[in-house]
Every structure is written in structure tokens, then in C-alpha cells.
């Protein structure tokens, strides 16, 4: 029997989605996971995983625990654990991460700095 967790990812944090056709200009802060299929111009900070789908596009800064990039990102990406650039991804900017995986076919232009994992999650540097 499958338990309905009320739209959470099992640890009590909500899963969120920006759907295809949605455009957001501004900043987003979330305790949960995030999936972006639309367009975001601004900053997104999530304590969980961020997935940027094939139709997703971000122009700005992203701070999260894990990131799967399938779409387009221009800006800065700071990930506490694992960053995956899928074959369909296009990334232009700077990545700070603990581990990175870049699939054949992914486009990456910029810098990558690999650090030891942070103990208390991701905190932005101003």
C-alpha cells in the first residue's frame, strides 16, 4: 500500500514546479525540491534538489543541495553535493560544487570549482 505524503518528498519538505509557459522574474526560497520547466530570471535557493527540465531556463543564481540540469542556465550555480549536466543541457557561467558529472553532448562554458561538502547546507556569499 502506497502512503500519500501530501505532496512532500518524504522528509516533510514540499516539492515545487514552475511549469512550461510560466515566466518568473524575482527570487525564490524553498525548503523543498524544485523542478523548473518554465523561465526564471533571478535567484533560487532550495534546501533540496533542483531539476531544470529540458524546457527550463534560468538566468541568475542557483543555490541548492543537488542539481540535475537538462535545460539552459546562464549565471552562477552553487551546489553542496552533486551537480549533473545532462546531455541536453547548456550551461554558461560558474559552478561551485562538491561533485560534478557532465554527460556527452552537454554544453558547458565557464568555470568549475570543486569543494568539500558543507556541513550545514548551502549558504550564499554576498
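The values are calculated or read from the model by the stated rules, or taken from the named source; none is laboratory data. Just so it is clear, the structure is predicted and the values come from calculations on it, not from any experiment. Cβ: placed from backbone, ideal geometry, glycine included. Neighbour counts: every protein chain shown.
The table for this structure:
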item	result
Pairs with Cβ under 6 Å, 6+ apart, first in region 55-66 and touching a residue at least 40 places away in the same chain (Cβ under 8 Å), second assigned to a strand (DSSP E or B)	61/43; 61/75; 61/76; 63/45; 63/78; 64/46; 64/50; 64/79
Residue list for region 67-84, restricted to those being without any contact (Cβ under 8 Å) to a residue 24 or more places away in the chain and within 13 Å of residue 111 (Cα to Cα)	74, 75, 76, 77
Residues of region 1-49 satisfying the condition of being at pLDDT below 65 and surrounded by 13 or more Cβ atoms within 10 Å (Cβ to Cβ)	8, 9, 13, 14
Flag if residue 62 is over 14 Å from residue 34 (Cα atoms), in a strand (DSSP E or B) and either at pLDDT 95 or above or in contact with a strand residue (DSSP E or B) (Cβ under 8 Å, 6 or more places away or on another chain) (or both)	no
Test set (1) at positive phi; (2) surrounded by fewer than 13 Cβ atoms within 10 Å (Cβ to Cβ); (3) not in a loop (DSSP other than H, G, I, E, B) - residue 109 fails condition number	(1)
